[in-house]
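Here's the structure, in structure tokens; my notes come after.
The values are calculated or read from the model by the stated rules, or taken from the named source; none is laboratory data. What you see is a predicted model, and the numbers here were worked out from it, not measured in a lab. When we count neighbours, we look across all protein chains shown, and the Cβ atoms used for this are built from the backbone with ideal geometry, even at glycine.
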Amino acid sequence: MQVKFYDLNTIEDSCLKYAVIFARYQNKSIYVKHKERDTWEIPGGRREVNEDIHETARRELYEETGALSFNIVPLLIYSNTHDNSDESFGGLFYSELTYPAIQPELHRRVIKELSSTILA
């Protein structure tokens, strides 16, 4: 695999397929467990049809962390190439979360609900 980096506006926006967000909260980096692999990764994902790449970044950060309040800024464009495949482009963003993610609370509640139904 080969990864390259480009300045903003050097690759046409319509070519960007992904948004990846390097997110921080209280000076700590945020990683999420990938649902299809056994890896921890920075939040991000595919752009939806007719979606602005900045909206992709906001949506993915919310979906993967539960964060409701954050600042997000575009940093650059990256690409990757696997073996002899075409170059695939994405936007790399930075976010500073201003409030904690809700995912830990949701997780605790699910465990509580499952425990009460299993024990009942």
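Summary table
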quantity	calculated
Contacts under 6 angstrom Cβ, first residue in the stretch 71-98 being under 14 Å from R47 (Cβ atoms), partner of a type in the set (S, T, N, Q) and surrounded by 13 or more Cβ atoms within 10 Å (Cβ to Cβ), 6 or more apart	S88/N80; F89/S79
Meets criteria (loosely packed, with under 15 Cβ neighbours inside 10 Å, aliphatic (A, V, I, L, M), at pLDDT below 95 and under 30 Å from E105 (Cβ atoms)) for L8	no
Identity of the residue in the stretch 73-111, among the acidic types (D, E) and at pLDDT 85 or above, that ends up farthest from the chain's Cα centre (by Cα)	D86
Selected residue (only one of E63, E55 is exposed (fewer than 15 other Cβ atoms within 10 Å of the Cβ), at pLDDT below 95 and in a helix (DSSP H, G or I))	E63
Scope the stretch 35-70; condition among the basic types (K, R) and either closer than 17 Å to E96 by Cα or touching a residue at least 40 places away in the same chain (Cβ under 8 Å) (or both); matching residues	R58, R59
Selected residue [exposed (fewer than 15 other Cβ atoms within 10 Å of the Cβ) and within 16 Å of F93 (Cβ to Cβ)] from R37, R46	R46
First in the stretch 103-120 and within 23 Å of K33 (Cβ to Cβ), second anywhere and in a helix (DSSP H, G or I) and at pLDDT 75 or above, Cβ under 7 Å, 6 or more apart	Q103/T65
Residues within the stretch 13-34 that are free of Cβ contacts under 8 Å to residues at least 40 places away in the same chain, within 17 Å of F93 (Cα to Cα) and of a type outside the set (G, A, S), tallied	4
